[in-house]
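Novice: So that we are looking at the same thing, I have put the structure below in structure tokens.
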Amino acid sequence: AVPRTRILATGGASHNKTILQVLSDVFNAPVYTIDTANSACLGSAYRAIHGLVAETNVSLADVVKLAPEPKLAVTPTAGAEEV
């Protein structure tokens with residue numbers, strides 16, 4: 001079985017529900033957003049933290065657990081995968 005896919009949208013377009021709905025329909029996956037300013041830097045910051053604690057064998061997944069919880073923005077339109 002294929003694990004369920006989800007999309008995390010950030011940046012300016014993540015505030016546009018129409019764009020998010022298109023993403024959701026095209027990829028047949030729910031789209032989540034996080035309300036964070038400068039989201040483009042967020043991934044780099046988590047990688048930097050991971051680098052700082054690398055000697056302690058902390059995984060990147062454990063570091064990212066500190067991230068704000070994404071909020072469900074849209075789900076695929078019923079029947080979209082058939083189009």
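Novice: What distance in nm separates the simple spin-label points at residue 54 and residue 82, each placed 7 Å from Cα in the Cβ direction?
Specialist: Here the answer is 5.1 nm between the modelled labels.
Novice: Tally Lys/Arg at +1 and Asp/Glu at -1 over every other residue whose Cβ is under 11 Å from the Cβ of residue 14; what's the total?
Specialist: Combined, the nearby Lys, Arg, Asp and Glu give +1.
Novice: Local charge sum around residue 46 (other residues, Cβ-Cβ under 14 Å, Lys/Arg +1, Asp/Glu -1)?
Specialist: Net local charge, residue 46 excluded: +1.
Novice: What does the highest-first list of 61-73, 22-34, 6-18 look like by mean Cβ count within 10 Å?
Specialist: Working: 61-73: 12.0, 22-34: 17.6, 6-18: 13.6.
Listed from highest to lowest mean packing, they are 22-34, 6-18, 61-73.
Novice: Could you give the length gained on full extension between residue 26 and residue 72, defined as 0.36 nm per residue of separation minus the Cα-Cα distance, in nm?
Specialist: Length gained between residue 26 and residue 72: 14.9 nm.
Novice: If amide hydrogens are placed 1.01 Å from N in the peptide plane, which non-local residues have theirs closer than 5 Å to the one on residue 74?
Specialist: Those lying under 5 Å, H to H, from residue 74 are 31.
Novice: Grab the DSSP H runs of the chain that are 4 residues or longer, score each as -39,500 (n - 2.57), total them, divide by all residues and round the 222 nm result to the nearest 500 deg cm²/dmol.
Specialist: It comes out at -10500 deg cm²/dmol, rounded to the nearest 500.
Novice: Over the chain, what is the relative contact order in whole percent, taking alpha-carbon pairs under 8 Å and six or more residues apart?
Specialist: For the chain, the relative contact order is 40 percent.
No lab work stands behind these numbers, since they all come straight from the coordinates. Since this is a predicted model, take the numbers as computed values, not measurements. Backbone-built Cβ (ideal geometry, glycine too); neighbour counts: all protein chains shown.
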